[in-house]
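To keep things clear, I will list the structure first and then write my remarks on it.
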Amino acid sequence: MDSADHMTRSIEIAVAAIRGADPARFSAPSPCSEYTVEQAVSHLAFGLLLAQRAGEREAWDPEWSGTDTAPYLVGEPAQRWGDLAARQAKATARAWADPRAWEGATTFGGGEMPAAAVGSMMTAEFAVHAWDVAVATGQPIEVPAPLGETVLEGVLAIAPMGRDGGWFAPEVQVPGDAPAFVRALAASGRDPQWTPGD
């Protein structure tokens, strides 16, 4: 699998988690201590839009500053979020399936970054936040080992910046021979053993 394949698989996992999240549990906590389930779902949905924009070299919309809800979910009933995110996901996967999306630089979140770094970061972001949503809502989640390795690389690349910026909690200790995705969760400050009762 190449980078585009891993991105597509990570997007699929994210969409499955969003679709499987019962809105009745949206107020519940998630393993990402800053987010409830609803906020984690919206963050994932927003990430899909931002990733598409980055892949297609479209600039950040200034009107999005200061908003937490994905623009295409605003005013929509929670029961429709899964379908709307799935529609957005198709556009995002299509954008990053183009090899040119991974070349050169692109804009992301109002700044310029290497496109390959954005792709790596978002591949990790989709899988990790999908896990947040899945475990918080009692869903099974399976991240194939090759994708887990890619996610781990993506998390490790941004972990120091994430901890300095306060959006990663301190690393959780796990065995060195734990699966790559488990190590990725731990490196992002998540407890891989987290349960909804924690």
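The values are calculated or read from the model by the stated rules, or taken from the named source; none is laboratory data. Keep in mind that this is a model prediction, so the values were computed, not measured. Ideal geometry is used to build each Cβ from the backbone, glycine not excepted, and the neighbour counts take in all protein chains shown.
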Residue list for the range 133-154, filter: among the aliphatic types (A, V, I, L, M) and either closer than 16 Å to Arg9 by Cβ or surrounded by fewer than 16 Cβ atoms within 10 Å (Cβ to Cβ) (or both) | Ala134, Ile141, Val143, Ala145, Leu147, Val151, Leu152
Failed item in (1) of a type in the set (Ser, Thr, Tyr); (2) at pLDDT 95 or above; (3) surrounded by fewer than 22 Cβ atoms within 10 Å (Cβ to Cβ), with Thr123 passing the rest | (3)
How do the pairs read when you match residues in the range 143-156 that are among the charged types (D, E, K, R) with residues anywhere that are in a helix (DSSP H, G or I), using Cβ under 8 Å and keeping only pairs 6 or more apart or on different chains?
-> Glu149/Ala180; Glu153/Ser120; Glu153/Ala124
Number of the condition not met by Ser120 [criteria: (1) touching a Ser or Thr at 6+ places or on another chain (Cβ under 8 Å); (2) outside any helix (DSSP H, G or I); (3) of a type outside the set (Lys, Arg); (4) touching a residue at least 12 places away in the same chain (Cβ under 8 Å)] | (2)
By residue number, the members of the range 92-116 that are surrounded by fewer than 18 Cβ atoms within 10 Å (Cβ to Cβ) and either touching a His at 6+ places or on another chain (Cβ under 7 Å) or closer than 13 Å to Met7 by Cβ (or both) are Arg94, Ala97, Asp98, Pro99, Ala116
If we keep only residues of the range 123-170 that are aromatic (Phe, Trp, Tyr) and assigned to a helix (DSSP H, G or I), then the residue nearest to Asp22 (Cα to Cα) is Trp131
Trp81 fails exactly one of the following numbered conditions: (1) crowded, with 21+ Cβ neighbours inside 10 Å; (2) free of Cβ contacts under 8 Å to residues at least 40 places away in the same chain. What is the number of that condition?
-> (2)
Is at least one residue of the range 64-71 at pLDDT 90 or above and outside any loop (DSSP other than H, G, I, E, B)?
-> yes
Which listed residue, of Ala70, Ala40, Ala28, is aliphatic (A, V, I, L, M) and surrounded by fewer than 17 Cβ atoms within 10 Å (Cβ to Cβ) = Ala28
Is it fair to say Gln193 is out of contact with any Phe, Trp or Tyr (no Cβ under 7 Å at 6 or more places or on another chain), free of Cβ contacts under 8 Å to residues at least 12 places away in the same chain, in a loop (DSSP other than H, G, I, E, B) and farther than 19 Å from Ile11 by Cα?
-> yes
Subset tally (residues that are in contact with a helix residue (DSSP H, G or I) (Cβ under 8 Å, 6 or more places away or on another chain) and loosely packed, with under 11 Cβ neighbours inside 10 Å) for the range 161-175 = 2
